[in-house]
Amino acid sequence: MPAIKLTRRYRFSSSHRLHSPALSEDENRRVYGKCNNPYGHGHDYLLEVTVEGEPDPVTGRMFPLALLDALVGRVVLEPMDRRDLNAEIDEFASLVPTTENLAAAVARRIADAWPHFLPGAAARLDKIRIHETKNNIFQIRATDPAVRPPAVEAEQRQRVTK
């Protein structure tokens, strides 16, 4: 059976301030513009999670979609919806919460939780996309080193070959 890609959409709202402690106040204003507002600003994000795999020959499905919904709900929506990314999300305690960094953090969270929510699934995480605005869409593939550091992938391959 051919490999199929499935994309599921989720929505969440968060606020953030783009500000790097490594830059001066003037540099932060120049680099981040209005997004450097000391009071922050918010976005209504659209998250797309794309998985790839072969459907089961009996059921015709890769896995129950409710499992993917539970995974995304637990590791992304519950902790990030209606939250201040700078103040309430661990990844951004020392990382500027740009949507580029948010995309990598979300993909990492989903990839890390995948084995617990979808053990033995014939599908794998392919990519995530985050729509920040109608003009700004950020994408990261699950194979990107920012999502799966090479040491983690090597360790997983080693376990499979044992």
Expected max-MSF residue from Asn36, Asn135, Asn86 in the GNM of the chain (alpha carbon, under 10 Å) is Asn135
Quick calc: nm separation of the 7 Å Cα→Cβ label points for Thr59 and Ala22 -> 4.5
Once Lys and Arg are counted +1 and Asp and Glu -1 for all other residues with Cβ under 14 Å from that of Ala93, the total becomes -2
Summing -39500 (n - 2.57) over every DSSP H run of at least 4 in the chain, dividing by its residue total and rounding to the nearest 500, the 222 nm mean residue ellipticity is -9500 deg cm²/dmol
Between the Cα axis of helix 99-117 and the main Cα principal axis of the chain, the angle (0 to 90°, nearest 10) is 30
Using the Kirkwood radius over Cα pairs of the chain, the Stokes-Einstein translational diffusion coefficient at 10 °C and 1.306 mPa s, in µm²/s and rounded to a whole number, is 93
Total charge of the residues flanking Asp81 in space, meaning their Cβ is under 13 Å from its Cβ, with Lys and Arg +1 and Asp and Glu -1, is 0
Sorted on mean Cβ neighbours within 10 Å (highest first), peptides 103-116, 55-68 come out as 103-116, 55-68
If Phe117, Phe12 are placed from fewest to most neighbouring beta carbons inside 10 Å, the sequence is Phe117, Phe12
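We did not get these values from a lab; they are worked out from the coordinates using the rules stated. Computed from a predicted structure; not experimentally measured. Cβ coordinates were reconstructed from backbone atoms using ideal geometry, including for glycine residues, and neighbour counts include every protein chain displayed.
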